[in-house]
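Beneath this line is the structure, given in structure tokens, with notes to follow.
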Amino acid sequence: MSNINDQDSILKNSVLVIIVISQFCCTSLWFAGNAILNELVLNFNLPSTALGHLTSAVQFGFITGTLVFALLTIADRFSPSKVFLTCALIGALINLGVLLPSNNLWSLVAMRFGTGFFLAGIYPVGMKIAADHYEKGLGKSLGFLVGALVLGTAFPHFIKSFINFSDWKSVIIGTTSLAATGGLLMALFVPDGPFRKAGQQLDVSAFFRVFKNSNFRTAAFGYFGHMWELYTFWAFVPFILMAYNTAHPDSTINVPLLSFLIIGIGGPACVMGGYAAQKFGTKQIATLALALSCICCLISPLILTANSSLILIGFLLFWGITVIADSPLFSTLVAQNADASIKGTALTIVNCIGFAITIVSIQLVSILQNRIDIQYLFLVLAIGPVLGLMALSRKSIL
């Protein structure tokens, strides 16, 4: 009996490893354009507002994809691993289109939109796959999974930090190859999970039905507040670092490498948050992380004007930890409070709305960046965490 249990444990752990690796590989598509923004601007004569446009295009594509996937209940009606593979391969192919020499702003926006659309079959579907395999310890499993997303999102900056300006195409080729590899790994080595309950029919009403559950709403609203802050912070990390270099000509900050570290440090933070949640409670740790990131927003005017690069980098690293540590915990609460037959759809719906919120936030900060001092630019990010904390403070059995 002991040997059987040991074998089951090894099998479960190996499945989680493959899911995590696949998620890391495929989500490297997310910020592939952001990492080489300066090169895209010069090569394709893009305007200075390209950061906001290209980042929002990915988010809008993701929103559209999650909306379509949710309305058609794709992740519940079909094998999640096959959905993951299909979306990874198509997303990788579209990403490769960035290399076309005839590109302009709108063709690049279209390609980033397409990449975002098929990321809807990767990130939430990956969470669905994990939820189908891990009924107990889901928070810890999703901690690893979102940690992989964070590292994947940051990875294009890491690639960029080791190449010359003229070699920017390597970032696109590298992320495309990773995405295809991740999709194949998922399809080959991760079968449908034992806790999967397949939806047999198209159920458009599921999109609206999930929010009738008050506990589901509480978890979702906390997640929405978190999302207002998250992707805007990630998108503008290089902007903050470049602004410091501009204000301090003697500064030697390596912007791509530090951008990777500041975003990427959230990966281990998600894992540690998952372990902490097992001991102290999922809602409690999610609330703590959201409160700490809110404080970072509020005190940012004091730090962004500091003359010390060590103070700035230390602060951004801490913000990078707190801004994402609650993400897998909110996803855990959402998954645990959704009906089993529409769990994949519920996760996709929440992602859809959450990423719609990121577009508003990103565009707002993009508009404000040319109108107010950078010192006060990120105070607006506190709006989301404050509203999220208000939702979590309501009486609930979460």
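The values are calculated or read from the model by the stated rules, or taken from the named source; none is laboratory data. The shown structure was predicted, so the numbers you read here are calculated from the model rather than taken from an experiment. Heads up, the Cβs are rebuilt from the backbone with ideal geometry, glycines too, and the neighbour counts pull from every protein chain shown.
Restricting segment 113-133 to residues that are more than 14 Å from the chain's Cα centre (by Cα) and of a type in the set (G, A, S), which is surrounded by the fewest Cβ atoms within 10 Å (Cβ to Cβ)?
That would be G114.
Hey, among D167, D192, which residue is modelled with pLDDT under 90, under 30 Å from E39 (Cα atoms) and surrounded by fewer than 24 Cβ atoms within 10 Å (Cβ to Cβ)?
D167
Within segment 77-88, is there a residue that is at pLDDT 90 or above, over 19 Å from V171 (Cβ atoms), not polar (S, T, N, Q) and not in a helix (DSSP H, G or I)?
no
Can you tell me how many residues in segment 251-280 are free of Cβ contacts under 8 Å to residues at least 24 places away in the same chain and in a helix (DSSP H, G or I)?
4
Select the helices (runs of 4 or more DSSP H) contained entirely in segment 281-398, then report the ones holding at least 1 residues which are buried (at least 24 other Cβ atoms within 10 Å of the Cβ).
Numbers: elements: 282-303, 309-322, 327-336, 343-368, 374-377, 383-392.
By residue number, 282-303, 309-322, 327-336, 343-368, 383-392.
Please go through segment 82-92 and give me each residue that is of a type outside the set (F, W, Y) and in contact (Cβ under 8 Å) with a residue 60 or more places away in the chain, ordered by number. Quick ask: steps written out before the conclusion?
Of the residues in segment 82-92, the ones of a type outside the set (F, W, Y) are 82-83, 85-92.
Answer for segment 82-92, where residues must be of a type outside the set (F, W, Y) and in contact (Cβ under 8 Å) with a residue 60 or more places away in the chain: K82, L85, T86, C87, A88, L89, G91, A92.
For segment 30-58, which residues satisfy the criterion of being among the small types (G, A, S) and not in a helix (DSSP H, G or I)?
S48
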